[in-house]
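Some notes on the structure that comes next.
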There are 2 protein chains.
Amino acid sequence: MKYSKLFGKTVKDISGDVKMTSHRLLLQAGFIRESTAGRYYFLPLGMRVRDKLVAIVEEEMDRAGAQKMITPVLHPMELWDETNRSNSVGFELMSIQDQRGAHFALGGTAEEMVVDVVRKFNISYKDLPFNIYQFSQKFRDELRARGGLLRVREFLMKDAYSFHADEEDFKKEYENMAQTYTRIFDRIGLDTVMIESDNGYIGGEYCHEFVVESKIGESRYLITEDKSYAAHEEVVEFARQDKNLDEAMKPTEIVAVERGNSIQEGCRVHQNEAWQHIKSVLYMTDQNEPILAVIRGDLAVNEIKLKHVIGCYEIRLATEAEVEAQGTVIGYVSPLKIQVKKVGDLSLQTAHNLCTGADEFGKDTINVNYKRDFEVDLLADIAMPPEAAQTKEGKTLKEGKGVEVGNIFQLGTHYTTLMKEAEFTTAEGKRKPYYMGCYGIGIGRSMATAVEIHNDDRGIIWPKSLSPYQVHLVGLGKNDEVKNASEELYHKLLEAGIEVLYDDRNKQAGTKLADADLIGIPLRMVLSKRTLENDSVEWKERSKVEAETVPLAQLLEKTKQFYL
Amino acid sequence: MKYSKLFGKTVKDISGDVKMTSHRLLLQAGFIRESTAGRYYFLPLGMRVRDKLVAIVEEEMDRAGAQKMITPVLHPMELWDETNRSNSVGFELMSIQDQRGAHFALGGTAEEMVVDVVRKFNISYKDLPFNIYQFSQKFRDELRARGGLLRVREFLMKDAYSFHADEEDFKKEYENMAQTYTRIFDRIGLDTVMIESDNGYIGGEYCHEFVVESKIGESRYLITEDKSYAAHEEVVEFARQDKNLDEAMKPTEIVAVERGNSIQEGCRVHQNEAWQHIKSVLYMTDQNEPILAVIRGDLAVNEIKLKHVIGCYEIRLATEAEVEAQGTVIGYVSPLKIQVKKVGDLSLQTAHNLCTGADEFGKDTINVNYKRDFEVDLLADIAMPPEAAQTKEGKTLKEGKGVEVGNIFQLGTHYTTLMKEAEFTTAEGKRKPYYMGCYGIGIGRSMATAVEIHNDDRGIIWPKSLSPYQVHLVGLGKNDEVKNASEELYHKLLEAGIEVLYDDRNKQAGTKLADADLIGIPLRMVLSKRTLENDSVEWKERSKVEAETVPLAQLLEKTKQFYL
């Protein structure tokens, strides 16, 4: 490609609103251009990068056995009604009506659509499993969209959906996809961490985000120094340190206290530490069932873990009246007498002789011991991690930040039980809902993240696999000899199957070299009167400081080696 | 790909509404599936065909020097307001509002979007020309959508837009695109005719549809037997036969007549033929200017040609009052005295001694001769073709019907004068609107048309370039030896880089062979106990009746030859 005829050249002045490095560089170098906030044109250079990224994702998905297809962009709203998502989803759905009055959602995610097309077929256990994926435009009616390709209202996503006879079979595909994703991000120069996350559905074991660590990321999580374990706050597993298990259990006693309702106030009146208290929090489920969460006083209840443990979609704190209806009083709730379902945190096993309210205003019970004085219906992990929490192996968890570029997760039978006849025929001739998984990669976001990670103060430094061209060829000077030699080399490289961006403009050397650095093709070749005298070119790798002189005769071979 | 795990297998029963061959075959063979009317899923088989088609179009567009990019799907409505298209376009525009109240059009065509992105850059004559194209989803809010992929509400289109300094430069790209389109349709097995059409803009010289002749097509046109010339009715050029030019001109005479207002009535009272009359029709332009169209009585005025000739967007017939305001009367209008702009058809030169009204009720003038008795401001082609019209070369024009799979046309400066600052800097430092052309190909429609053309009563017969796989491999019988040999051959073919659909199901031979015919891969290989005894396979080309026996040892070579 001759740069003189490329549409979308480098741009000097860009808006002061542009804060993110990737946003600024992609704009300045002529890869993208904004239409309206959060909606971008991919210019020819940007399109080439996007196509390379798409081709890599496609190659790896195909290698993993997935099958590419595509759904319409407009989804019949009836399908979203079936899954109760037409009015509430985790993102802002856009909807539209056609002239016949039919309602459609602009595709945000495609679970309903793929289930709908699969159920149109008479699927038997012999057809399972399969994994279908698409690259399709997705829409989110975000109130704020800033940061270039990192947070947009319209974007290309690779979304895949796998269909299985049961969870056992799903797990194999989950592992297959985890490996596939690692390979994909490796190939495009992104070092990702697999972060355990919450999938919003019951059960949290199979849900991971692929995150590239970065200060500008919106994904926050906890991670060990060696990166062997990483998880979001809501799902992180951490060790509960034993506190005073060697201390003998003392007899309980009710004492009068004058205190406020916090654990801090309890510490003040009892002259002890937060871990020496029991925190009891009454919740109401979406079925209006009261649930008492019981946890060591220095820890906080993690409502997401609690929901998963009890198997419901929504919980809320009980009101004062609801607390009193259980024969107790706010600030003095205890697990001792109350007659509701109790869920205890693992931390209850780590301390003796704890303080709790006495279900009566102004009175506490002290020396309370789990198992001896009260039991719970379910002992589980329902805690938020404290500062400097450690894994079971004793590794300290630190806060991490990064950009989510992909995710994989279990859908189970969530959609296939909500949607009618989303069933296959088993070997025994019974009908059973398909068991599903789902797997996404944000294409534009991955591209922007690659730029966030690979750049310097002069511009982008593309990973070889994503670079719009392989060689940035520059001829310096208006000398005819140089021009002809450049033109000749350009065609020689093209004939050898090498992708070349050839800056054939009559511009100053400084401008052309600065543009080459900004655009960020990994390999630059400069021809000038001086290099021609030695039958050579100046060979400069974008990631290196020094240039070298390479004889023209060795150029093709060396270029091919570079891109091996 | 193993057929047992392919998502989207053949389907027996389909709706009775399915009338078109391509619709029925693509559905039955598992290439597409309807979501709602006019919106289709491309299943994995269909996706492979679509991808091959897209790759061919892309390869040829790139070879022609065009640059791929992409615009957002949602177009800011302000842009469509700039060109007055937000309320009236040649198709039904869908629009949507986001939660911030911004209005968008769902992309129907992208002229405004590409002009908008181009004008964001500081374009000079040095940057021109360029041609940018995209594959993007297009939306049309059609009231009726039937016929599978031939008439849809949502579809993938390749749309290209070229930018030039002037018309001269545009013409070169037009020719380049015409050749490119011919090559593309050739490669995908479509024999197209380039039909001259009306582009809706001023000037009709550069506007062609690429049409595949077919009874089911919606595009109607006139074409010579040898297909050397084809054009839509509105733009077709045809010869005006000389009638009686050897007859001496007689003196004009006003005669009293008792007749109705038609040419037929004139023939009755004057006892002659329609061509012996002059037809004079008064129109009003969108600028409220009266225009008199004058034509030989056996021909009809073509309003589209007339509009282009006088250079206006809309015309309408004058009312009775408007006719009378010109001092004449309906049924007796003549070109003799009227004081308005006159546009004459070429046919006026072909006959002598014609009859016309005398601008007075009940009176005609006879023996009227063009040039001697009246002149026109403009003599041009403004006629509809009569039955059995002939070209200037004397070739008879017959009516043709076909499917429009692509079009190329001149936009000129239509959009760039309506849109602000859509200008480049000339070598002299002046600002001038870009001169544009535009070029479309319907991807799904081309795919369906290929099926309409290439099929038999057993199913599809894919052109080699579009087939989802290259080989349909079938193992017959439950015999382990056959199964192992089939599996082995499957892997051998894959390793040789051949795309194989391998029917590994435990089904009857009849079912598997019928499915193979329906799916339509050009080459079928059958392994059975019998063929294995001869170390061979049955080789059957989908387009041939007879199968042949090919030794396993020659199979790879022969397959590669077949696909050369």
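The values are calculated or read from the model by the stated rules, or taken from the named source; none is laboratory data. Please read these numbers as outputs of a predicted model, since none were measured by experiment. With ideal geometry, Cβ positions are generated from the backbone for all residues, glycine too; neighbour counts draw on all protein chains shown. Keep in mind that these areas ignore ligands, DNA and RNA; they rest on the heavy atoms of the full protein, side chains included. Shrake-Rupley method; radii C 1.70, N 1.55, O 1.52, S 1.80 Å.
Computed quantities for the displayed model
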| quantity | calculated |
| --- | --- |
| Farthest toward positive dipole pole in region A:471-536 [+1 Lys/Arg, -1 Asp/Glu at C-beta], among A:Q508, A:S486, A:G497 | A:Q508 |
| FRET efficiency for B:K558 and A:F361, using Cβ-Cβ distance with R0 set to 56 Å, rounded to 0.05 | 0.05 |
| Interface B:A - total buried accessible surface [probe 1.4 Å, Å², rounded to 100] | 5200 |
| Whole-angstrom gap from region A:486-564 to region A:43-104, using each part's C-alpha centre | 40 |
| Pairs of lysine residues in region A:314-460 - Cα separation under 27 Å, sequence separation of 8 or more or cross-chain | 12 |
| Chain A: relative contact order in percent, alpha carbon pairs under 8 Å with at least 6 residues between | 17 |
| Cα gyration tensor, region B:503-564 - rounded (a/c under 1.5), prolate or oblate | oblate |
| Inter-part distance where region A:286-308 and region B:311-361 are each reduced to a Cα centre, Å | 90 |
| Listing of region B:1-22 residues, each with accessible area lower by at least 30 Å² in the full protein assembly than in the chain alone (probe 1.4 Å) | B:K5, B:F7, B:K9 |
| The protein assembly as shown, accessible area per residue, ligands and nucleic acids excluded (1.4 Å, Å²) | 43 |
| Positive minus negative residues near B:I382 (Lys, Arg vs Asp, Glu; Cβ under 12 Å) | +1 |
| Assigned charges on the beta-carbon of Lys, Arg, Asp, Glu; the protein assembly as shown dipole about Cα centre (debye) | 1260 |
| Structure-based [θ]222 nm, chain B - -39500 (n - 2.57) summed over DSSP H runs of at least 4, per residue, nearest 500 | -7500 deg cm²/dmol |
| Proximal charge balance of B:P551 [Cβ under 13 Å; K/R count +1, D/E count -1] | -4 |
| Net charge over other residues, Cβ less than 13 angstrom from the Cβ of B:Q276 (K, R count +1; D, E count -1) | +1 |
| Minimum Cβ-to-axis distance in chain A for the rotation onto chain B, with residue, whole Å | A:I96, 2 |
| Region B:472-489 - phi-based ³J(HN,Hα) in whole Hz, Karplus 6.51/-1.76/1.60, Gly and Pro as x | 9, 9, 10, x, 9, x, 8, 3, 4, 4, 5, 4, 5, 5, 5, 4, 5, 5 |
| Dipole axis of chain B (+1 Lys, Arg; -1 Asp, Glu on Cβ), positive-most option in B:G260, B:L556, B:F31 | B:L556 |
| Region B:104-198 - percent relative contact order, Cα under 8 Å, separation 6 or more | 25 |
| Across the identical copies, how the A:D535 labels are spaced - nm, sorted shortest first, 7 Å along Cα→Cβ | 5.3 |
| Percent accessible area from carbon and sulfur atoms, chain B, protein chains only, probe 1.4 Å | 46 |
